[in-house]
Structures are given as C-alpha cells and as structure tokens.
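Remarks on the structure that follows.
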Amino acid sequence: MKTDNCQQSIFEDSTEDICLFDNISKRIDVVKMDYIGAESLEWQELFNGYSDIKAITFSSGIGFISTLLEMFKSGEIIFGCEDVMTYNLQEIVAFQNKLIERIKASTKAAERILGRIDAGDVHFYVARTQLSHEKIYLLSSEDGRKRVIMGSANMSYNAFGGRQRENICYVDGSTAYDWYLEVFNSLKENSVDEISHKAFITSDLNENLDELPISQTIK
C-alpha cells in the first residue's frame, strides 16, 4: 500500500489509491448553460423527430435500447464499463463477455438489434481504456435540427420511464451538439472496441475469446 500522502478511497469501489495532491491539478470539462425552463414530457417526445442518435451510456436496458433505436434510421451506442475498475485485460474480457451475453439473453430485442447491425445502420461499442460515466444522447435530423440530452439517465426504462428520479436536461442547436460530438468521437476513436455480428451469434464466448471486441481490435 502507498504511504506517500495518499489514502485509499472508501467512497468509490476502486482498487487504486487516490492521492489528493495529484487530483488538485487535474482539470475537468464543465459545460456552462443557461436555465430557460422545465417541462413535463414522455420519453418518446424527448427523442421524437430525429433520424440519427449517438449515445454514451454507463448501464442500460436492452429492451429500451431496441425500442429507442426503432425511432431512428441510424445509431451508434458506446457502453461504459460499469464493472471495470483497473482496466486489466482480465476485467475487460469479463465485462465484454457479460455485456454481450446480457444482450443475447433478451431474445426478441437481440434479434431486432442484430438485424440493424447486419444492415449496417447500428453500431455498438464497448469502452476499453478510459472510464466513462457519461450519459449523453446526440440527436440529429436530416433537416439540420440537433439536440443534446444529458444528465443522470442511463439508457433504460427505469431512467426514462419515470420509475426513478433522474436529472434530465436537453439543449437544442448546433453549438452544443458539435461540442458533445467531439467528446463522443474522441472516446470512440481512442477507447472503444466495436461489437461484431459474429460476437452476438457465437454460442460460448468463454470458449471463443477471439470473437470478443477487444480481441478483434488487437488483431
């Protein structure tokens, strides 16, 4: 255990020590916004009227994802690693296996999702080298309209169905969309593996590790 002014966190499930002095100098991105008002909406109204969605979610509900994607012509989803803390290879393999098996277990939803992946208009990615606790939804339409939804809501019915309290905000327009798109693309280009069709149809990924997203990236 380290003893150089660092202490192990008792508030986060982390196997690494946190050094308070090191954290002081680190900078974080903070988005400054103006409050315009609040409104009561059903989740479909929040997403309706757009043709493309790009999203980062920490945890998720597969049934909700399938239903949500049906509202869009194209989509890209990055799944943050909810079970990965140290990002060693063993943890990454275990998480990616668990995520894919959980999607496959939702049979009807998985079939619809796989059809969209086969058609090439939906892409799933899983985070690999960078912790992401973001919940961001980037919506764009063919007529140029753009919307960013952000807050605490993961991509699930519990979050968007009013079953639990969430902080949900949205901003319309290109300025916010373009900034968040850079955030999305940076994570996608540097820290994720794509989940392939073959990974979804492989019967036992524990016996076929070559089909896991990280194995494909390494290849």
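Values in this text are rule-based calculations from the coordinates and carry no lab data. Given the structure is predicted, the values throughout are model-derived calculations rather than measurements. Neighbour counts are summed over all protein chains in view; Cβ atoms, including those assigned to glycine, are modelled from backbone coordinates with ideal geometry.
A compact table of results
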{"read-out": "Cut-off 15 Å, label 7 Å out along Cα→Cβ of residue 33, residues of segment 160-180 by amide N", "value": "166-180"}
{"read-out": "Interchain or long-range residues, amide H under 5 Å from residue 146's placed H", "value": "173"}
{"read-out": "Linear extension gain, residue 111 paired with residue 70, 0.36 nm per residue minus alpha-carbon span", "value": "13.5 nm"}
{"read-out": "Overall form of segment 112-178 per C-alpha gyration tensor (a/c, 1.5; a/b vs b/c)", "value": "rounded"}
{"read-out": "R0 of 25 Å, Cβ-Cβ distance residue 98-residue 40: FRET efficiency to nearest 0.05", "value": "0.10"}
{"read-out": "Rounded FRET efficiency, nearest 0.05, which uses the C-beta distance separating residue 118 from residue 166 and R0 of 30 Å", "value": "0.35"}
{"read-out": "Protection-proxy order for peptides 159-172, 29-42, 59-72, each taking the mean of Cβ atoms within 10 Å per residue, highest first", "value": "59-72, 159-172, 29-42"}
